[in-house]
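The values are calculated or read from the model by the stated rules, or taken from the named source; none is laboratory data. Just so we're clear, the structure is a prediction, and the values are computed from it rather than from any experiment. Cβ sites come from the backbone with ideal geometry, for glycine too, and all protein chains shown count toward neighbours.
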Amino acid sequence: MKKALLVVWLITLTLTLTMALTAPRTAAQGGTVLLTAAGATFPYPIYSKWFDVYHNAHSNIQINYQSIGSGGGIRQLQAGTVDFGASDGPMTDEQLAQSKFKILHFPTVLGAVVPTYNIAGVTADLNFTQKALAGIYLGTITKWNDPEIAKTNPGVSLPGTDIVVVHRSDGSGTSYIWTDFLAKVSDDWKNKVGKAATSVNWPVGLGGKGNEGVTGLVKQTPNAIGYIELIYAVQNKIPYGNVQNAAGKFVKADLAGVTAAAAADAKNIPDDFRVSITNAPGPKVYPISSFTWLLIPAQIQDAAKRDAIKDFLKWMLTDGQKFNEGLSYAQLPKEVIARETKAISLIQ
Amino acid sequence: MSAAATTIAHEVPPQAGPRAFLHRLRQGDQIAHLVTLTFAAVILLLTSMLVYELWINSHLSRTQFGWAFFWTKVWDPNFDNFGAAPFIYGTLVTSAVALVVAVPLGLASAIFLSELAPRNVSDVISFLIDLLAAVPSVIYGLLGIFIVVPLMRTTLGPLLIATVGNVPYVGVLFRGPNYGVGFLTAGIVLAIMVVPFIISVSREVLLTVPREQREAAMALGATRWESTWQVVVPWARTGIMGSVFLALARALGETMAVTMVIGNAAAIKASLLSPGDTIASTIANQFTEATGDLYLSSLIELGLVLFLITFILNGLARILIVATERGGGRPA
C-alpha cells in the first residue's frame, strides 16, 4: 500500500513538474503593458517609489525593476533581456559600439558622495582640499597633521597619527563618482589609478562592503577616513567634511549644492547626456556629484511598450521629480529637464 | 494493491515484456533503481555543467593571460590587467589559519564529549553544537565585526606584535599596522564557523569505536588517557580527517563572513594582521558591477581557480586518508 502511494506521489510530482516547466508563458493580458528593467542600486529607492506611484496612476502599465548593479543592467540591456537599463556611470564609447542597437541616456536624479572620518578629539567639520583627498587616497599623505590638511583647518588640533583609508570593496556607483572626482583633480591619480570606475586597483586602504560597511569600518577604526553617499550620511546622521570646489570654496554637501553643480554645467552637457559633472565650476557647487541614468533603446518595436516608456519619462521629468527630496535625492535642474523632454522624441 | 491483482500476477507465469516490467515495478525495485540512478546522474551532470560553464565563460581571460593569471599580483579593472595571486594567497592563508585554530579545539572537544563527559551532558552539548553548524554565515560575520575585530585591534593584535612579533622567523607573521581586520581575523572567524563541523563529525566517529578496543587497551594496563589517545583516536582517524576536510571545504568557499572582516585589499603581505582578500569574497564583491568583457571573464576564471583548488585539496585528502589507513591503526 505504501509503495502504491509512493508511486502515485512520484507520478503526480513528475506530471506537475513537467506541466509547470512546459506550460506556455501567459502573455500580457487585456492591454496590460509589462516592462522589465534592471541596473543601478544607488537610485533603487527612488525608482521603486516612481514605478509604484506611476503604476497607481496608470494601472495598465507595470514596471519591474531589478537592482542588480550598473554593470548587470548594461549587460542585460545589451542582451535584450530587459526593456531598459539603468546605470550610475554613462556607458563608454566602447560599450555603445558593442551594442547591436542604439542606446539613449536619460539622467533621472542626482547623487553626491561625501568624505566621513573618525579622529579622536576632532568634532569640527574638516575642510578638505582637492589635493588633500587625492593625496590621502593615493597614499602620499599619510598623517592627519600633514600640512595639506592642517593649512585649511586652523584651530583644529590634528593628531600626528597614520590615516587609515577606507574604500568600497564592492563595485559601486559611489566609487565611480569618487574616482571620477579624484581623476579630474589629480594627474597623479589619473596616471596611476586611471579613469573613473566602479572598482579600481586602490593604492592604499581597507575595503568595506556597501555604504554600511564603509561607515562601520570608519566608526570602528580610529583615524580612519572613508567616502559614502550623501543620502546615506543624511539618513543615518553621519557627520561629514567639506570639500573644496573648482572655485576654491569649501562646500558642505546638500541637495541644493548638488543641483547647483548640474545647473552650472548644463550648457556643457552633450546631446547624449553622457557627462560627468564632478568638479563643476561655480562658488556654490558641491564638486563630488553625479547624474544617474536610465538607458533606453532608441528603437522599440512594440508600440505599446514604446508609448509606455515615453509616457513614463515625461511623468518622471515633471511629477516624478517632486518625490526626489523626500528620499534625499537632488532634483534635476530646469535646463536639463527641458533638454531631456525634447530628447524623448528620439525614441521611435 | 488489491488481493485479486496479486493473485493474478502469481498465476500467470512470468513473461518477458511489459507485464514483467510492471511486476517488477510493483515490487519497487525497478523504481528505486531508476530514481536513485537519475538523481546520481543529475549530480554528475550538475558538476560537469558547472565546470563547462566556468570554462567557456572564462575563455577571454584564459587566452589573454594564460598561466600568468595564477601568479600575477595585480587586479586592476581600470587597465584591464587581472591576476589571481592575491586572492589565491588570501584563500589559502585564511583557510590554513582556520584549520590551525579549529582542529585542536574541535578534536579536543570531540574527545571530551565522546570519551570523558557523562552521556547526558554530551548529548545536550552536541545538540547545541549541531545548532551552531546551522547558523547562517552572515551571523558569524556580524560576530566578527562586533567582537573579533575590536578585540583584535585593541588587545590581541598589539599583544601578538609585542610578543610573537619579536621572535625570529615567526615574527614576520605578526608585524606592521594592525587595523583589526585582516587575514588573522578572517581565519579566526572561519575557525569559529568550522569548529562545530569538526566536533560533530569527530564525536560521531569516536562513538563508533567498539567498546572492546577500549577494554582491551585497559586490560593491557593502559590509563584512560592512553587508551583514548593511543587506541581510540587512531582507530577513528580516517573519520576525524574526513571532518577536517569537510571543515576545510567550508573555509575555502566561505564568502560573506570573510568579506566582512578581511579588509578587502588585493595585496600579498607576510603579516597575518594586514588586510587581504579571498577568491569567493572578490567574486561576490565585484560581479554585479563588473563592466567590460575581460573583467567579467576574469572574475569567472577566479571561480574556476577556486574550483581547481578545492579539487586538488580534495584529491590530496583522499591520498592522505589512503596512506594513513595503510599505516596501521584501524584494521583494513
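Can you pull out the residues in the stretch A:328-338 that are in a helix (DSSP H, G or I) and surrounded by 14 or more Cβ atoms within 10 Å (Cβ to Cβ)? Walk me through it before giving the result.
First, pick out the residues of the stretch A:328-338 that are in a helix (DSSP H, G or I): A:334-338.
Residues satisfying the conditions are A:Glu335, A:Val336, A:Ile337.
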When residues of the stretch B:54-93 are limited to those that are aliphatic (A, V, I, L, M) and touching a Phe, Trp or Tyr at 6+ places or on another chain (Cβ under 6 Å), the one surrounded by the most Cβ atoms within 10 Å (Cβ to Cβ): B:Ala84
Where in the stretch B:86-191 are there helices (runs of 4 or more DSSP H), lying wholly inside it, with at least 2 residues that are within 14 Å of chain A (Cβ to nearest Cβ)? B:137-143, B:157-162
So B:Ile240 ticks every box in (1) closer than 24 Å to B:Trp55 by Cα; (2) in contact (Cβ under 8 Å) with a residue 12 or more places away in the chain but one. Which box is left unticked? (1)
All positions within the stretch A:293-327 that are out of contact with any Ser or Thr (no Cβ under 8 Å at 6 or more places or on another chain), more than 27 Å from A:Ala233 (Cβ to Cβ) and not in a helix (DSSP H, G or I): A:Ile296, A:Pro297, A:Ala298, A:Gln299, A:Ile300, A:Gln301, A:Asp302, A:Thr318, A:Asp319
Of these, A:Tyr227, A:Tyr286, which one is touching a residue at least 60 places away in the same chain (Cβ under 8 Å), away from chain B (no Cβ under 14 Å), within 30 Å of B:Met152 (Cα to Cα) and within 21 Å of the chain's Cα centre (by Cα)? A:Tyr227
So which residues in the stretch A:206-224 are facing chain B (nearest Cβ under 9 Å) and not β-branched (Val, Ile, Thr)? A:Leu206, A:Gly207, A:Gly208, A:Lys209, A:Gly213, A:Gly216, A:Leu217, A:Gln220, A:Pro222, A:Ala224
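Condition check ((1) surrounded by 19 or more Cβ atoms within 10 Å (Cβ to Cβ); (2) without any contact (Cβ under 8 Å) to a residue 60 or more places away in the chain) across all residues:
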{"residue": "A:Asp254", "(1), (2)": "no, yes"}
{"residue": "A:Val258", "(1), (2)": "yes, no"}
{"residue": "A:Ala261", "(1), (2)": "yes, no"}
{"residue": "A:Pro270", "(1), (2)": "no, yes"}
{"residue": "A:Ala280", "(1), (2)": "yes, yes"}
{"residue": "A:Phe291", "(1), (2)": "yes, no"}
{"residue": "A:Pro297", "(1), (2)": "yes, no"}
Which members of the stretch A:176-205 meet the condition of being away from chain B (no Cβ under 11 Å), surrounded by fewer than 17 Cβ atoms within 10 Å (Cβ to Cβ) and in contact (Cβ under 8 Å) with a residue 12 or more places away in the chain? A:Asp188
Go through (1) more than 26 Å from the chain's Cα centre (by Cα); (2) surrounded by 18 or more Cβ atoms within 10 Å (Cβ to Cβ) for B:Gln30 and report which single condition fails. (2)
Log entry, pairs with first residue in the stretch B:120-145 being under 30 Å from A:Leu217 (Cβ atoms), second being of a type outside the set (A, V, I, L, M) and in a helix (DSSP H, G or I), beta carbons closer than 8 Å, six or more apart or on different chains, reads B:Leu132/B:Pro196; B:Ala133/B:Pro196; B:Ala133/B:Phe197; B:Ala133/B:Ser200; B:Gly141/B:Thr259; B:Gly144/B:Thr185; B:Ile145/A:Gly216; B:Ile145/A:Gln220
Being of a type in the set (Phe, Trp, Tyr) and over 19 Å from A:Trp202 (Cα atoms) is true for just one of B:Phe65, B:Phe87, B:Phe79. Which residue is that? B:Phe65
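Determine whether A:Asp319 is modelled with pLDDT under 90, touching a helix residue (DSSP H, G or I) at 6+ places or on another chain (Cβ under 9 Å) and over 23 Å from A:Gly241 (Cβ atoms).
Details: modelled with pLDDT under 90: no; touching a helix residue (DSSP H, G or I) at 6+ places or on another chain (Cβ under 9 Å): yes; over 23 Å from A:Gly241 (Cβ atoms): yes.
Judged against the criteria, A:Asp319 is not a match.
Of the residues in the stretch B:220-262, how many are more than 14 Å from chain A (Cβ to nearest Cβ) and either in contact with a His (Cβ under 9 Å, 6 or more places away or on another chain) or among the hydrophobic types (A, V, I, L, M, F, W, C) (or both)? Walk me through it before giving the result.
Pass one, the stretch B:220-262, residues more than 14 Å from chain A (Cβ to nearest Cβ): B:220-254.
Those still in the list that are either in contact with a His (Cβ under 9 Å, 6 or more places away or on another chain) or among the hydrophobic types (A, V, I, L, M, F, W, C) (or both) too: B:220, B:222, B:225, B:229, B:231-233, B:235-236, B:240-241, B:244-249, B:251-252.
Here the count works out to 19.
Please determine, by comparing only the residues of the stretch A:231-245 that are among the hydrophobic types (A, V, I, L, M, F, W, C) and touching a Ser or Thr at 6+ places or on another chain (Cβ under 7 Å), which one is farthest from the other protein chains (Cβ to nearest Cβ). Show your work before the answer.
Going through the stretch A:231-245, the residues among the hydrophobic types (A, V, I, L, M, F, W, C) turn out to be A:231, A:233-234, A:238, A:243.
Filter once more, keeping what is touching a Ser or Thr at 6+ places or on another chain (Cβ under 7 Å): A:231, A:233-234, A:238.
Working: A:Ile231: 18, A:Ala233: 20, A:Val234: 23, A:Ile238: 17 Å.
Once the filter is applied, the top-ranked residue is A:Val234.
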Flag for A:Gln321 being surrounded by 18 or more Cβ atoms within 10 Å (Cβ to Cβ) and either more than 30 Å from A:Gln130 (Cβ to Cβ) or under 22 Å from the mean Cα position of the chain (by Cα) (or both): yes
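Looking only at the stretch A:67-83, filter to residues that are more than 11 Å from every other protein chain (Cβ to nearest Cβ) and touching a strand residue (DSSP E or B) at 6+ places or on another chain (Cβ under 6 Å); which one of those is nearest to A:Leu96 (Cα to Cα)?
Pass one, the stretch A:67-83, residues more than 11 Å from every other protein chain (Cβ to nearest Cβ): A:76-77, A:79-83.
Retained after the next criterion (residues that are touching a strand residue (DSSP E or B) at 6+ places or on another chain (Cβ under 6 Å)): A:76-77, A:82-83.
On the way: A:Gln76: 13, A:Leu77: 11, A:Val82: 16, A:Asp83: 16 Å.
Filtering the stretch A:67-83 for residues that are more than 11 Å from every other protein chain (Cβ to nearest Cβ) and touching a strand residue (DSSP E or B) at 6+ places or on another chain (Cβ under 6 Å), the one nearest to A:Leu96 (Cα to Cα) comes out as A:Leu77.
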Look at A:Gln98 and say whether it is out of contact with any strand residue (DSSP E or B) (no Cβ under 9 Å at 6 or more places or on another chain), within 11 Å of chain B (Cβ to nearest Cβ) and not hydroxyl-bearing (Ser, Thr, Tyr). yes
Would you confirm, using the coordinates I've provided, whether A:Lys252 is facing chain B (nearest Cβ under 9 Å), touching an Asp or Glu at 6+ places or on another chain (Cβ under 7 Å) and among the charged types (D, E, K, R)? no
Given the conditions (1) under 30 Å from B:Val170 (Cα atoms); (2) at the interface with another protein chain (Cβ under 9 Å from one of its Cβ atoms); (3) in contact with an Asp or Glu (Cβ under 8 Å, 6 or more places away or on another chain), which single one is not true for B:Ala280? (2)
